[in-house]
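Visitor: One structure is given below, represented as structure tokens, and several questions about it will come after.
The values are calculated or read from the model by the stated rules, or taken from the named source; none is laboratory data. Since this is a predicted model, take the numbers as computed values, not measurements. When we count neighbours, we look across all protein chains shown, and the Cβ atoms used for this are built from the backbone with ideal geometry, even at glycine. Please note that ligands, DNA and RNA were not included when accessible areas were found on the heavy atoms of the full protein model with its side chains. Shrake-Rupley method; radii C 1.70, N 1.55, O 1.52, S 1.80 Å.
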Amino acid sequence: MTGSSVAVLMVTDSPAREPHPAAHWSAIARVAPLSEIGALDLSAFSAILVDADLSSTATIDRLKKSLQALERNIPRYFLVTEGRRVEMVQANVLRAHATETRPLTAEGLKRLLSSTLPQPVDEAADTSSAAIARAASRALGSAFESLRSNTALDSTTVARASNDIVDSVGAGGLGQWLDTVRAHHQGTYQHCLLVTGVLTNFAQKVGMSQADVSKLTTAGLLHDIGKATIPVAILEKPGKLSAEEFAEIARHPIEGFDYLTAHADLSPDILAAVRGHHEYLDGSGYPDGLMASQIGDLTRIVTICDIYGALSERRAYKPAMPPAQALAILEDMCVAGKLETALVRALRQAVETG
Ligand SMILES: [Fe+2]
Ligand SMILES: [Fe+2]
């Protein structure tokens, strides 16, 4: 299917999954049960694709042992179930080059293979947008974990991810960043990485100082950190939320603010943006129902880019909304008195030239 000489080993944990539909695709050289992975010469393959339950400790141990023994850093891909955060976290721990949502389609496999880097040996030296997004997603994973365990935020990792995103969006443009993130990341992390890219591009395009670009980028990465406390079933629910579910999700700005205030050394306007990114100028937002005069510039920008990022998400049940349509929704919200027109106009310009 790829027309190239890729020979992918597919590893699956369930005999019931055999023959795996992917077995019929020409890029898949072999389908093997997970139980046999220890006996295989993995270096004979150009990539490894794992379709196994990544929430199982036994599975992770087995995979770790085999993948760590590999001398060559062969690209490894993992299938995950939409909304199962634990699988995303584990895929990152296993140094996933890319992930795809189950069920794998021919298109999904193509996406995985095209994400393969020519020499994915030294990740620190790899400045492709895919590698930077992957590292940023790992930084998010550990930040979310720190909130859950109520321990200090690893600010060095967050700062590094933030700097790399600034470089990547600056060099490759917003479009490339959004495409990369949408192709390889799911759920809340996808959302945070998209919003971050939209913010970085906005800050760069309106000519903000290096310090402010960096501040907005960091605010983007951390704005939804409070979602670490919200059940994934609610976060990823495709349909309309019940009143109880909404009340649950509406806790995230305060959860994030409280955690970062106690466990990180961030500027007050980043903290204000984390708490206030769902506030609207007319007082109809949450959690504090602030009015325009109480909402700072940085918060207003994060709010607008957050909505744009949310509309631009790719989900299993919904393709990404085209930019023109997302901008039209933001403009309607300006007319309704919720968002600042000048900022939405600036976002339009930033997106159209990004
Ligand atoms: Fe949020
Ligand atoms: Fe958000």
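Visitor: Ignoring ligands, DNA and RNA, what accessible area per residue does segment 206-352 give at 1.4 Å, in Å²?
Guide: 45 Å²
Visitor: With angles folded into 0 to 90 degrees, how steeply does helix 174-184 sit against the dominant principal axis of the chain? Use alpha carbons for both and round to 10.
Guide: Orientation of helix 174-184: about 50 degrees from the principal axis.
Visitor: Tell me, what is a quarter of the convex hull surface for the C-alpha atoms of the chain, in nm² with one decimal? Don't skip to the answer; put the middle values down first.
Guide: Working: hull surface 71.4 nm².
Taking a quarter of the hull surface, the average projection is 17.8 nm².
Visitor: Quick one: what Rg and Dmax do you get for segment 33-183 from the alpha carbons, in Å?
Guide: Final numbers for Rg and Dmax: 15.8, 45 Å.
Visitor: Relative to the compact-globule scaling 2.2 N^0.38 Å, provide the ratio for the alpha-carbon radius of gyration of segment 193-262.
Guide: 1.33
Visitor: Please report the spacing between the Cα centers of segment 255-308 and segment 86-108 in Å, no decimals.
Guide: Cα centres, segment 255-308 to segment 86-108: 32 Å.
Visitor: While we're on this one: Could you tell me which trypsin sites (Lys or Arg not before Pro) in segment 230-337 are loop residues by DSSP with no more than 10 other beta carbons within 10 angstrom of their beta carbon?
Guide: Those that pass, being in a loop and sparsely packed, are 240.
Visitor: Another question, if that's okay. Below 9 angstrom from the Cβ of residue 54, what's the summed charge of the other residues (Lys, Arg +1; Asp, Glu -1)?
Guide: Once positives and negatives cancel, what remains is -1.
Visitor: Sticking with this structure for a sec: Running a GNM on the chain with Cα contacts under 10 Å, which residue among 244, 236, 331 ends up with the highest mean-square fluctuation?
Guide: Comparing 244, 236, 331 in a Gaussian network model of the chain, the most mobile one is 244.
Visitor: Specify the residue with the greatest mean-square fluctuation among 317, 280, 259, computed from a Gaussian network of the chain linking alpha-carbon atoms under 10 Å apart.
Guide: Highest fluctuation among the options: 317.
Visitor: Could I ask something else about it? Relative contact order of segment 8-121: what whole-number percent is it, with Cα pairs under 8 angstrom and at least 6 residues apart?
Guide: It comes to 24 percent, rounded to a whole number.
Visitor: For residue 101, which sequence-distant residues (separation of 5 or more, or a different chain) have an amide H within less than 5 Å of its own amide H, given hydrogens modelled in the peptide plane?
Guide: The list, which skips near neighbours in sequence, is 80.
Visitor: Give the lysines reachable from residue 64 as a straight Cα distance under 21 Å; neighbours fewer than 8 places away on the same chain don't count.
Guide: none
Visitor: Can you send over the carbon and sulfur percentage of the accessible area for the chain, probe radius 1.4 Å, protein chains only?
Guide: Working: 8230 of 15040 Å².
Solvent-exposed carbon and sulfur of the chain make up 55 percent of the total.
Visitor: Restricting attention to segment 47-110, which trypsin sites (Lys or Arg not before Pro) occupy a DSSP loop and are surrounded by at most 11 other Cβ atoms within 10 Å?
Guide: Filter output for segment 47-110: 72.
Visitor: Please list, in chain and number order, the residues 5+ apart from residue 30 or on another chain whose amide H is under 5 Å from its amide H, with Hs placed from the backbone.
Guide: 8, 10
Visitor: Another question, if that's okay. Residue 47's amide H: which non-local residues (gap 5+, or another chain) put their own amide H closer than 5 Å, with H modeled 1.01 Å from N in plane and none for Pro or chain starts?
Guide: Amide H neighbours of residue 47: 7, 9.
Visitor: Defining a contact as two alpha carbons under 8 Å apart and six or more residues distant in sequence, what relative contact order in percent does the chain show?
Guide: 12 percent
Visitor: Distance between the C-alpha centers of segment 43-61 and segment 178-233? Whole Å please.
Guide: Segment 43-61 and segment 178-233 have Cα centres spaced 29 Å from each other.
Visitor: Identify which of 91, 130, 69 has the largest mean-square fluctuation in a Gaussian network model of the chain, with springs joining Cα atoms closer than 10 Å.
Guide: Between 91, 130, 69, it is 69 that shows the largest mean-square fluctuation.
Visitor: Quick check: the angle from helix 341-352's long axis to the longest principal axis of the chain, C-alpha only, nearest 10 degrees?
Guide: On a 0 to 90 degree scale, this one is about 30.
Visitor: Over 24 Å between C-alpha atoms is what I'm after, so list which of 318/338; 237/318; 240/338 land there. Spell out each step's value before the answer.
Guide: On the way: 318/338 26 Å; 237/318 12 Å; 240/338 21 Å.
From the list (318/338; 237/318; 240/338), the Cα-Cα distance tops 24 Å for 318/338.
Visitor: Let me ask you something else. Once both axes come from the Cα atoms, what is the angle between helix 129-149 and the longest principal axis of the chain, in degrees from 0 to 90, rounded to 10?
Guide: 70 degrees
Visitor: Next question, about the same structure. Per DSSP H run of n ≥ 4, the term is -39500 (n - 2.57); total these for the chain, divide by its residue number, and report the mean residue ellipticity at 222 nm rounded to 500 deg cm²/dmol.
Guide: Mean residue ellipticity at 222 nm (helix-derived): -16000 deg cm²/dmol.
Visitor: For segment 8-121, treating each Cα as an identical point scatterer without solvent, what Debye log10 I(q)/I(0) comes out at q = 0.14, 0.20 1/Å?
Guide: -0.50, -1.12
Visitor: Heavy-atom accessible area per residue, segment 8-121, 1.4 Å probe: how many Å²? All intermediate terms of the calculation are to be shown ahead of the outcome.
Guide: Working: 5140 Å² over 114 residues.
Result: 45 Å² per residue.
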